[in-house]
Structures are given as C-alpha cells and as structure tokens.
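Just below is one structure, and these are the notes that go with it.
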Amino acid sequence: MKYDYDVCIVGSGAGGAPIAYELSHAGYKVLVLEKGKSFKEEDISKDELAVSRRDLFTPKLDEEKHIINDREKDGSITRYDGEEYSWSFWNGSMVGGSSNLMSGYFHRMKPNDFKLKSVFGEVKGANVVDWCINYEDLEHYYEKVERVVGVSGEVKKHSFLEPRSTAKFPHVKLEENKVTEWFDTACENLGFESISTPRAIISRSEGKRNACSYSNFCGSYACATGAKGSARAALLQKCSAEVRAESFVYKLESDVEKITAVYYYDKDLKSHAIKAKIFVLSAQAIESSRLLLNSKNKYFPHGMANNNGEVGKNLIFSAGGSGQGRFNFEDLTEKQRRELMQRGLFFNRSLQDWYEYEEKGKNFKGGTIDFLFEHANVISRASRELYNDKGELIWGKELQEKIKKQLTTSKVLSFEVFNDWLPTDACFVSVDAHEKDKFHMPVGVINLWGHPQDLKVGEHLAKNAVKVLKEMGAKDISYNISAAPPPNLVAGGCRFGEDAKTSVLDKNCKAHALENLYVTDASFMPTGGSVPYTWTIYANSFRVADEIKKVLQG
Ligand SMILES: Cc1cc2nc3c(=O)[nH]c(=O)nc-3n(C[C@H](O)[C@H](O)[C@H](O)COP(=O)(O)OP(=O)(O)OC[C@H]3O[C@@H](n4cnc5c(N)ncnc54)[C@H](O)[C@@H]3O)c2cc1C
Ligand code: SF4
C-alpha cells in the first residue's frame, strides 16, 4: 500500500504532540490533524471578554455539544442537553489543545498510584485495578518532560516525595509572593509539610521561548511569551511535523487488523482521507472514545476496537473541589497589606501530607491540595460580589462600592483538592442516537456518576486545607467538595491492560484489536492518581513514542 505519511496523529494536545515531536525528530513523516484553529504567540492577548464570555478557544455549543446523563442518588438519570444548559466539556480546541490554557500545576503520580488495588484493596462498586506499568517505567519520561517541555520548581524532601533520578528541576522555581511565607509558617505551626508547587512554566528564557512575564492571566488564558509548556510552544513549534489546523476527523476506517485511513473535514466541510502506517488518537478522553464509537464497519460493528464493548467505559475525572479564604486589610499591618497586593508573583504552594492516610484502622488513598491566589480576571471576581450579607441581589452604587472595597482592600487565597475519581460502571462515554453536531456526527454522551468514597476523601483533604487558612488568619473561609466533574481534568474510556477482554489498549497504548492504532491522551489511564493529569499524559506519550519508533524501525 502507498502511504501518505508514516504517522498520522488526531489531536495536537499533550497526548499527541510528544509523538509528533519524537517521530519527526527521528526523521519520520508525521501529520497532525487538529480540529481547532492555529494561534501564534503574537495572536494571543489577555482579552477577558473573549475568554470569559465568548467561546474563543472552544467550540460553540449550538454547533457542537455533549449530552450529559447525570445519575441521581436514587439511581434515576437526568438528561441535560449541553447547549440548553450551557454545560460545556470542551477545554481548548486549538493547535496545542487545552495545554495552551492550563495553569501548569504539575505533579508526578506516586509509585502507589500505579497499584491502587494491590495496596488499598478492592472498593465496593468501583472498578479499581493496578496499572500494567510501574512508576519506574515512567520515571525516565517524567524527567524528560521536565527537560523538554520545561518544568520549574524546587525539590524538597517530604513524606510523599516520589523517587527522582535527578536532584533538581531543570528550571529554578518561579518568583513567589511573600504571602507564601505566611503559609509556610502556618504549616510549620500545624506540623504540615509545605511544598513549592512545580509548574510547567519556564523561569529562564530558552531558545525561542521567553521566560514567564508573570502576566497574572495564566489558567484559562493562552501564553504570549512561550513560557507555558503548552504542546504548541514546547513541542510542535520545535519540530518538523506537519500540523493541519481546522481539520475535524470524523471517521477511522479499517480492515480486520489495521486502520486503513482516517477521514476528516476541512474548514469548508470538504472531506479528505489520509493513509498512514501508524495512526495515533489523542483527541482528549471523551472525544477519542466518541470517535472510536462513531467509526463502525463490518469488522467492528460496535465501533473501532470495541468488539469487547470496553470503549468509553470507566471514564474518570479528577475528584475533589475547591475552597477559599479572604485576607482583609483591617486584620493586617501596612507591610502585610503591601505583600498581599503585590501583583504578578505566584503563590505556588501544595500539600500532600494526606496523599495516603489512615482512618478508623483503614488505609485510604488521599490526594493533593494546591493553593493559589484567586484568578486576576476582574469579571469573575466582580461577579462574586453581586449579593449582600443577607443574600439579596444588589446593584448600582451599593454594588459599585462593594466591588471597589473587596478588590482593593482584600484578597482571596483559594485551594483546589485533587483526589481519585474511582472508576465505576456508571461513568462512561457513549454516543447519542439522535443528536448530531455541525459535521452531522452523533454527539458524545457523558454518563456521570461519582463514587461516594470520592466525596469522603475530598472532605478529609478540604478540612485540612481550612486549618491552614485559619492559622494564616483568613476570614470567610468556605469550601465545596462535590460530585460535579471538572471538565478540564478527564481521563479513561480506553483503559490499557494486559487482558484484551477487559481493556482496549495494551501496555504500549496500542489497541489490542488493531495492529497500527495507538491512543495517547489520558484515555489509557485506568485510575487517575490524585494529581492533575498532564505531566503523566506527556510522560506516557513520550514513552509510547519510543515504542512506535521501534515498530517503524522494524
Ligand atoms: C483552564 C485549564 C486549566 C488547566 N490546568 C491544569 C493544570 O494546572 N495542571 C494540569 O496537569 N492540567 C491542567 N489542565 C488540563 C490539561 O490541559 C489537560 O489534561 C491536557 O491538555 C489534556 O491533553 P490531551 O492531549 O488529552 O487533550 P487536549 O490538550 O485537549 O488535546 C486534544 C486536541 O484534540 C483536538 N480534537 C478533538 N477532537 C478532534 C477531532 N475529531 N479531530 C481533530 N482534532 C480533534 C482538540 O481540538 C484538542 O486540540 C487544565 C486545563 C484547562 C482547560
Ligand atoms: S507569561 Fe507566565 S503567567 Fe503569563 S500565561 Fe505565560 S506562563 Fe502564565
């Protein structure tokens, strides 16, 4: 057969870009098909309206949506039309994917995350399994991500520090706000181990990437300096892979053992076919499952690689929630006020003291708490002030004065809790029998359910975070641990595993059922660890790139 490319990758984010980078550097002809637009650093601004109120980086919900089936406590299902309820699971449709918009809080998974079942045992109602690789198999690639994508930080010994092959991060930690010292003192008083949060942001310029300019608009905003380790700035811009933007892949075609072509629509809705030796799917967890389920033929009547019915199963998110406390000028000295209001510098503190903990003689897998200043976006900060102390809606002068006071004489310190969203039979991706998107393809259905243990663990973590805020002197402390999934931290749907009956992919993330199909976004993850996923996605994708290289070399 005549091939157009050695490797064709669907989706240009954290899962796809390491493959493009490695294989194009190894001399292979690589094409990346990306449904979103291409933005360069010079196109990027900190336009709050475009990001907060308009869908600049994500598909419009009247053109592309999801159906969400939310399972209630009594087992009944409530169906939400994403368009009708403005419930979006899109995260960043553009060259480089969601990694352009991430905050870049980077944590490695811990060795015990790879063997949840062996270490913590079965959990009733959850499909907990061990991974088919170990931390040691990924360590070299975690380190590679530090170097190639760029991670800044400070290695500090603590109870749950994962084994490292290098003593330091390649980039020194980013500049920190003085309020971190209040935090460190509070942790010391409480006997907690304060950790400086590693970030996928470079602190010194490197090649064409400038160092961070402390723009204050990081999470949800693309980076204009190239400092953020997005798949675009860190990988795609530094390799010769061809990236074709505004190319929506709608179908994979196969014979009994191989993918033979992918089909995509360009921006004028013209259909094209690409033939390659190897195909890599990395469209983010939900969309990868959806594309496989929508690609049916006589060999795979239930969707590509889905003859065992496992595609879409065991969808997971990062469980947990968030909380906050406010520091008011009236409680602070003049020096502390100045420190609090210092602009730009990061907070960057994490706690992992309860990554594993014991309660009533039972060991639990806990998680991570990241602390950060509230987002600088004035729209979201002002929106929080719409009600008075009695819970009544306010407007005009009263609202104006409240916003001015809160924004100029106080500041909010937030925290985010990350713990395992246990995989279950009730949380999975399917496709809708009737609803179609603008490309006339069946939309994805997100069937949601969170295991009760997720909430219990989240509560445990949040209560400890509150202790720190109290010790620091924060007021108006609140938190919300809920079963609502964070749409930006999604994994599972195409589990990897040794057993072809119970998993979609083998240990190298190749479909058991097809010789030349790999899936390298977070779909492969059977459990998610208690950290944000992206460092692991990048690391695993570099690992799979090495396996694909071996296959291409014959
Ligand atoms: C606001 C925000 C903050 C975040 N903060 C953090 C953080 O601090 N730490 C962390 O670890 N993670 C964070 N994340 C999550 C992180 O961005 C994701 O985990 C990671 O980018 C996922 O990589 P991916 O390759 O699976 O998907 P993506 O990066 O989303 O890439 C998938 C790409 O595939 C494209 N695509 C989809 N379907 C098709 C199709 N049919 N045809 C062609 N192309 C297609 C999409 O347009 C997209 O560009 C954050 C995300 C967001 C949105
Ligand atoms: S310059 Fe720094 S703070 Fe601003 S978006 Fe880039 S990485 Fe984030």
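The values are calculated or read from the model by the stated rules, or taken from the named source; none is laboratory data. Being a predicted model, the structure only gives us computed values, none of them experimental. Positions of Cβ are generated from backbone atoms using ideal geometry, with glycine treated the same way; all protein chains shown enter the neighbour counts. Calculation scope for accessible area: heavy atoms of the full protein, side chains included, ligands and nucleic acids excluded. Shrake-Rupley method; radii C 1.70, N 1.55, O 1.52, S 1.80 Å.
A few notes on this one:
- In this structure, residue 221 does not satisfy being assigned to a loop (DSSP other than H, G, I, E, B), more than 16 Å from ligand 1 (Cβ to nearest atom), hydroxyl-bearing (Ser, Thr, Tyr) and in contact (Cβ under 8 Å) with a residue 60 or more places away in the chain.
- Condition check for residue 287: under 27 Å from residue 522 (Cβ atoms), assigned to a loop (DSSP other than H, G, I, E, B) and either touching a residue at least 40 places away in the same chain (Cβ under 8 Å) or open to solvent by 50 Å² or more (accessible area, probe 1.4 Å) (or both): no
- Selection from the stretch 404-444 of residues that are touching a Lys or Arg at 6+ places or on another chain (Cβ under 9 Å) and acidic (Asp, Glu): 420, 425, 435, 437
- Selection of the stretch 3-57 for residues being closer than 26 Å to residue 539 by Cβ, within 22 Å of the chain's Cα centre (by Cα) and of a type in the set (S, T, N, Q) yields 12, 38.
- Listing of strands (runs of 3 or more DSSP E) fully contained in the stretch 361-440 that carry 3 or more residues being of a type outside the set (Phe, Trp, Tyr), closer than 30 Å to residue 50 by Cβ and open to solvent by less than 10 Å² (accessible area, probe 1.4 Å): 410-420
- Scan of the stretch 228-254 for residues that are of a type outside the set (S, T, N, Q), more than 14 Å from ligand 1 (Cβ to nearest atom) and either assigned to a loop (DSSP other than H, G, I, E, B) or without any contact (Cβ under 8 Å) to a residue 12 or more places away in the chain (or both), ordered by number: 239, 241
- Qualifying residue in the stretch 32-54 (condition: within 16 Å of ligand 1 (Cβ to nearest atom), modelled with pLDDT of 95 or more, open to solvent by less than 30 Å² (accessible area, probe 1.4 Å) and not in a loop (DSSP other than H, G, I, E, B)): yes
- The lone exception for residue 214 - which of (1) among the aromatic types (Phe, Trp, Tyr); (2) open to solvent by 10 Å² or more (accessible area, probe 1.4 Å); (3) in a loop (DSSP other than H, G, I, E, B); (4) within 13 Å of ligand 1 (Cβ to nearest atom) it fails: (4)
- Among the residues examined, residue 109 qualifies as touching a residue at least 40 places away in the same chain (Cβ under 8 Å), under 28 Å from residue 542 (Cα atoms), in a loop (DSSP other than H, G, I, E, B) and more than 16 Å from ligand 2 (Cβ to nearest atom).
- Residue within the stretch 441-450 that is open to solvent by 10 Å² or more (accessible area, probe 1.4 Å), within 30 Å of residue 301 (Cβ to Cβ), assigned to a strand (DSSP E or B) and modelled with pLDDT of 95 or more present: yes
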